[in-house]
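Every number here is computed from the coordinates shown, using simple stated rules; none is lab data. Since this is a predicted model, take the numbers as computed values, not measurements. FYI the Cβ positions are ideal-geometry reconstructions off the backbone, even for glycines, and counts take in every protein chain you see.
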Amino acid sequence: MSARQHYDSVLAIHPVSAGIVFTFFMGPLAPHDWGIKETRGKNKNALALEAAVALIERLQPDMLVLEDCSGSISRRSHRNRRLQQLIANCATGQAIDVHWFSRADIRKCFAAVGAVTRMEIARAIASQVHAFSHRVPPARKFWDTQNPRLCLFDAASLAMTFYSRTRTDPPEA
């Protein structure tokens, strides 16, 4: 029987139209660093990939977590899908494990606390992670655009889903 791999540090990267949003956790409820790396200009993917590589090299995570947007109902652009694959390839090249979660996986993880929508998930994260409690955006009116702060919680939900899954999955034989 092999020992189960233990992941102390998890980097979650969530590509957005303005660049990449990331959260770096040192434990299930212990964010160490987070933010957005903005990219502007014609070569957004090249600049975003460069920012992601710099993050990976600086933080040296045990695990990289990305959103699985390969499903037919995913609304992610081809550019974002390609960027995620490039980031995953870079991490794999540096011997960093990569894990993918779909939005359905994230909703399933947070359903236990009654959070289904992105806003409800953001509030659930903020209630558990004190560092994010003041970053929850106000409720969106139907005529408003999405608040950019919500993307921070998308990245955090990826990391927290990973920790939730590794804590509850049975060890592999």
Can you name the residue in region 51-61 that is surrounded by 14 or more Cβ atoms within 10 Å (Cβ to Cβ) and not β-branched (Val, Ile, Thr) and is also farthest from TYR7 (Cα to Cα) among such residues?
-> ALA51
Scan of region 116-125 for residues that are in contact (Cβ under 8 Å) with a residue 12 or more places away in the chain and either polar (S, T, N, Q) or more than 14 Å from PRO28 (Cα to Cα) (or both), ordered by number | ARG118, MET119, ILE121, ALA122, ARG123
Is there a residue in region 37-50 that is part of a strand (DSSP E or B), touching a Gly at 6+ places or on another chain (Cβ under 7 Å) and closer than 22 Å to ARG149 by Cβ?
-> yes
Could you list, in sequence order, all residues of region 126-161 that are of a type in the set (Val, Ile, Thr) and either within 15 Å of PHE24 (Cβ to Cβ) or touching a strand residue (DSSP E or B) at 6+ places or on another chain (Cβ under 8 Å) (or both)?
-> VAL129, THR161
Out of the residues in region 32-44 that are surrounded by fewer than 17 Cβ atoms within 10 Å (Cβ to Cβ) and touching a strand residue (DSSP E or B) at 6+ places or on another chain (Cβ under 9 Å), state the one that is farthest from SER17 (Cα to Cα).
-> HIS32
VAL136 vs. criteria in contact (Cβ under 8 Å) with a residue 24 or more places away in the chain, closer than 25 Å to SER164 by Cβ, in contact with a helix residue (DSSP H, G or I) (Cβ under 6 Å, 6 or more places away or on another chain) and of a type in the set (A, V, I, L, M, F, W, C) = no
Which residue, of LEU66, LEU47, is of a type outside the set (Asp, Glu) and surrounded by fewer than 20 Cβ atoms within 10 Å (Cβ to Cβ)?
-> LEU47
Would you list the helices (runs of 4 or more DSSP H) that sit entirely within region 72-132 and hold 1 or more residues that are among the polar types (S, T, N, Q) and surrounded by fewer than 19 Cβ atoms within 10 Å (Cβ to Cβ)?
-> 78-93, 118-128
